[in-house]
C-alpha cells in the first residue's frame, strides 16, 4: 500500500468514526428532548430564568481549565510526500465562548522519508456565539521543530486554522472533530527545494 492510499484509508476511518459518534450523540439528544417533553402530571416549579440557569449550569464545565488530546492525519499538498499522522495534547484557560486559550504540542511523523514535525504553539479555540454552539473556530500559531533527516534539523513557523464540530458535550468532557489547514515552514536542504509543508487535516479529540 502506498503513502496516498494509507493516508486516504486513515482519513476515511476517521470520517466514519466522526459520523458514528455524531449519530449516537444526536440520538441521545433526541431521547433527552423526548423525556423533557413527556408530561408528568405534576406542576412545574421554578421560573423561566431559574430553569435557564439550571440548564446552563448542567452544560457548563466545572473547571476553569481545559485539557485535551487529539489524533488525526494531514494530507500533504506540497508535493513532497509529507503526509503525516497527528497526535496533539493541549491545555489552557476557558470561560464563556472561549473553549481553550493556552498552549499545545504535537508529534507529527510522516508516512515516508522518516521525517518528524514537532509543533509547539499557542491555541485559541472559541464558539461562534454565546450559549450552545455546534461549531467553533480553532486557531494555532507557533514554531515547529523539524527532524527532516538523520543530520538535518531546523525550526520554522507553524500555523493552523480550522472549524470544529461538537459531537458530544457534557460537564465532564467534550468530543469534537476539526477540519483544518496546516502550514509548516522549513529550511530547504539537499535536493529538497520547498520552503514549506502544507495540507488539509482532520482530527478527532476529547477535552476534559
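The values are calculated or read from the model by the stated rules, or taken from the named source; none is laboratory data. These figures come from a predicted structure and were not determined experimentally. Every residue, glycine among them, receives a Cβ derived from its backbone with ideal geometry; neighbour counts consider all protein chains shown.
Overview of values
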{"read-out": "Top-ranked residue of region 187-208 - restricted to ones that are in contact with a strand residue (DSSP E or B) (Cβ under 7 Å, 6 or more places away or on another chain) and outside any strand (DSSP E or B), ranked as surrounded by the fewest Cβ atoms within 10 Å (Cβ to Cβ)", "value": "195"}
{"read-out": "Residue match in region 88-95 (condition: loosely packed, with under 14 Cβ neighbours inside 10 Å and modelled with pLDDT of 95 or more)", "value": "yes"}
{"read-out": "Unique residue being touching a residue at least 40 places away in the same chain (Cβ under 8 Å), closer than 17 Å to residue 107 by Cβ and either surrounded by fewer than 20 Cβ atoms within 10 Å (Cβ to Cβ) or touching a strand residue (DSSP E or B) at 6+ places or on another chain (Cβ under 9 Å) (or both) when the list is 155, 184", "value": "184"}
{"read-out": "Test for residue 164: is it closer than 17 Å to residue 97 by Cα, surrounded by 14 or more Cβ atoms within 10 Å (Cβ to Cβ) and within 15 Å of the chain's Cα centre (by Cα)", "value": "yes"}
{"read-out": "Residue ranges of strands (runs of 3 or more DSSP E) in region 82-181 with at least 2 members in contact with a helix residue (DSSP H, G or I) (Cβ under 7 Å, 6 or more places away or on another chain) and under 12 Å from residue 207 (Cβ atoms)", "value": "152-169"}
{"read-out": "Region 127-141, residues that are at negative phi and surrounded by fewer than 18 Cβ atoms within 10 Å (Cβ to Cβ)", "value": "128, 129, 130, 132, 133, 134, 135, 137, 139, 141"}
